[in-house]
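Quick note: the coordinates plus some simple rules give every number you see, no bench work behind them. Every value quoted in this text rests on a predicted model; they were computed, and no experiment measured them. Cβ placement follows ideal geometry from the backbone for every residue including glycine, while neighbour counts extend to all protein chains displayed.
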Amino acid sequence: MIYDLIILGAGPAGLAAAIYAQRANLTCLVMEKEYMSGGQVVNTYEVDNYPGLPGIGGFELGMKFHEHAEQMGASFVNVEARHIGLEDDGKIKVIYTDQEEYRARAVILAMGAAYRKLGVPGEKELSGVGVSYCATCDGAFFRGRKAAVVGGGDVAMEDALFLARVCEKVYVIHRRDSFRAAPILQKKLRECENVEILWNTVVSGIVGNSHLECLKLKSTDTGEEYVLDVEGVFIAVGTVPNTRIAEKLLKLDKDGYIAADETGVTEVPGIFAAGDIRTKQLKQIVTAVADGANAVESVQKYLRSI
């Protein structure tokens, strides 16, 4: 069978694309390597910034996206795409997996991006219960509390500034003695009275049982280790786009994201990008959903042209 559209990834962008594809009466298949749909959102304890659904659990929201797409008639397969090939002068896209091959006239790449991890003890276990990678998503839950931000770039500064408005105290932990963030952000941060910068410091462990209780820190200068009592830590050390299967086929930006605007159009006709996998200013659930809808509109225009 040759589908009209194959969507790689069942996060918010991929599921929104599946819904819009069904509304457009396209034959569509959604491929997801994880055992459940939803993407990163399913690991978020609570989502407070998705319009109309304040306070919804991340897992619940991810399941609602999946159920909506399924109710619309979308088909799913739990398999990982290994390679993308082109046939018939590029009119047919072939998705190779370890099991079999799938063919479609158009493909939407919606594999997303993963937050770069610190890789320290306790990080994985306390993710969603004190460990977060998105201050604008989860910062409001730490109102009036003590929190820490790990990182030294623009995102770390923006996260710290956001948290400084709601938290009692914010610690910024950076492994070097200077930030790489924009000077204007650094200036604003230093003007915050409730922000303390811990230079030349790394997190060596994250401690807690049912929730985060404290951080284990280590000085990169002296090797001294000590404990910092906080209730939340926001890790802002970058993201890693899941673009491995596209890196030889599509143009990527300097950080490895697919170079595509909000239309999702790439330089390869019939291949589109949606969600956190593409170059964009804001990586949020709401922008991923919008990307999925826009990409399907581009798919329809493409299919009418061939």
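Arranged from fewest to most other beta-carbon atoms within 10 Å of their beta carbon, CYS137, CYS28 become CYS137, CYS28.
More than 22 Å apart: what percent of Cα pairs in the range 117-235 qualify?
Working: 1806 of 7021 pairs.
Tail of the P(r) past 22 Å holds 26 percent of the pairs.
Compute the helix-to-body angle for 12-23: its Cα long axis versus the longest principal axis of the chain, expressed 0 to 90° and rounded to tens. Helix 12-23 sits roughly 30 degrees off the main axis of the chain.
For THR243, the shell of other residues with beta-carbons less than 11 Å away shows a net charge of 0, using +1 for Lys and Arg and -1 for Asp and Glu. 3J(HN,Hα) along the range 149-154: 10, 10, x, x, x, 4 Hz, from the Karplus curve 6.51 cos²θ - 1.76 cosθ + 1.60 with θ = phi - 60°, whole Hz, x for Gly and Pro. Label-to-label distance, ARG304 versus TRP199, with points set 7 angstrom from Cα along the beta-carbon direction: 6.0 nm. Provide the net charge surrounding THR136, with neighbours chosen by a C-beta distance below 11 Å and charges set as Lys +1, Arg +1, Asp -1, Glu -1. That works out to -3. A compact globular protein would have a Cα radius of gyration near 2.2 N^0.38 Å; the ratio found for the chain is 1.08. Over the range 117-235, Cα pairs under 8 Å with separation of 6+ residues give a relative contact order of 33 percent. In plain terms, the residue of MET31, MET36 with the fewest other Cβ atoms within 10 Å comes first and the most crowded comes last, giving MET36, MET31. Count Lys and Arg as plus one, Asp and Glu as minus one, and take only other residues whose Cβ is under 14 Å from that of SER210; the net charge is then -3. Once the chain from LYS248 to HIS211 is taken as fully extended at 0.36 nm per residue, the excess over their C-alpha distance is 9.1 nm. Each Lys and Arg Cβ is given +1 and each Asp and Glu Cβ -1; about its Cα centre, the chain then shows a dipole of about 540 debye.
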